[in-house]
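First comes the structure, then the notes that go with it.
The values are calculated or read from the model by the stated rules, or taken from the named source; none is laboratory data. Just so we're clear, the structure is a prediction, and the values are computed from it rather than from any experiment. With ideal geometry, Cβ positions are generated from the backbone for all residues, glycine too; neighbour counts draw on all protein chains shown.
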């Protein structure tokens, strides 16, 4: 059994969503509730806009009840969803630079004017 402490950031899985909050499973013993007031600093109309059942998220422990194996949790002060790493593409500059754009732009304008004339008729 893992001893949880107030202020600790832990990983859990959303197992249920009600109007008043979201239920989180943390391990085989402990479960927790993220009350709707602990979802965001702003107004929360629908908890489903923030989490879905089955989501694995990070939560902050606000209070621990070791007798009932329950935790009060929050996500409003932390980055609760792990963001995937997306490598940035490097832009390769060509020897032509913007000349390609200045060459193609009049052609694109002419093509689009023709398309508009056809759609109006």
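Could you say whether any residue in segment 97-112 is without any contact (Cβ under 8 Å) to a residue 40 or more places away in the chain and either part of a loop (DSSP other than H, G, I, E, B) or at positive phi (or both)?
Yes, segment 97-112 contains a residue that is without any contact (Cβ under 8 Å) to a residue 40 or more places away in the chain and either part of a loop (DSSP other than H, G, I, E, B) or at positive phi (or both).
Can you find a residue in segment 19-33 that is farther than 30 Å from residue 3 by Cβ and either in contact with a helix residue (DSSP H, G or I) (Cβ under 8 Å, 6 or more places away or on another chain) or loosely packed, with under 10 Cβ neighbours inside 10 Å (or both)?
Scanning segment 19-33, I find at least one residue that is farther than 30 Å from residue 3 by Cβ and either in contact with a helix residue (DSSP H, G or I) (Cβ under 8 Å, 6 or more places away or on another chain) or loosely packed, with under 10 Cβ neighbours inside 10 Å (or both), so the answer is yes.
Go through (1) closer than 21 Å to residue 5 by Cβ; (2) at pLDDT 90 or above and name the single condition residue 48 misses.
Every listed condition holds for residue 48 apart from (1).
For the condition assigned to a loop (DSSP other than H, G, I, E, B) and either touching a strand residue (DSSP E or B) at 6+ places or on another chain (Cβ under 7 Å) or touching a residue at least 12 places away in the same chain (Cβ under 8 Å) (or both), what is the one hit in 81, 88? Walk me through it before giving the result.
Numbers: 88 fails: either touching a strand residue (DSSP E or B) at 6+ places or on another chain (Cβ under 7 Å) or touching a residue at least 12 places away in the same chain (Cβ under 8 Å) (or both).
Testing whether each residue is assigned to a loop (DSSP other than H, G, I, E, B) and either touching a strand residue (DSSP E or B) at 6+ places or on another chain (Cβ under 7 Å) or touching a residue at least 12 places away in the same chain (Cβ under 8 Å) (or both) leaves just 81.
Just need a number here: residues in segment 34-58 that are outside any loop (DSSP other than H, G, I, E, B) and either crowded, with 18+ Cβ neighbours inside 10 Å or without any contact (Cβ under 8 Å) to a residue 24 or more places away in the chain (or both). Please lay out each step first, then the result.
So the first thing to find is which residues in segment 34-58 are outside any loop (DSSP other than H, G, I, E, B), and the list is 34-38, 47-49, 56-58.
Pick out the ones that are also either crowded, with 18+ Cβ neighbours inside 10 Å or without any contact (Cβ under 8 Å) to a residue 24 or more places away in the chain (or both) and you get 34, 36-38, 47, 49, 57.
Number of matching residues: 7.
Restricting attention to segment 70-105, and to residues there that are at pLDDT 90 or above and out of contact with any helix residue (DSSP H, G or I) (no Cβ under 6 Å at 6 or more places or on another chain), which single residue is farthest from residue 43 (Cα to Cα)?
70
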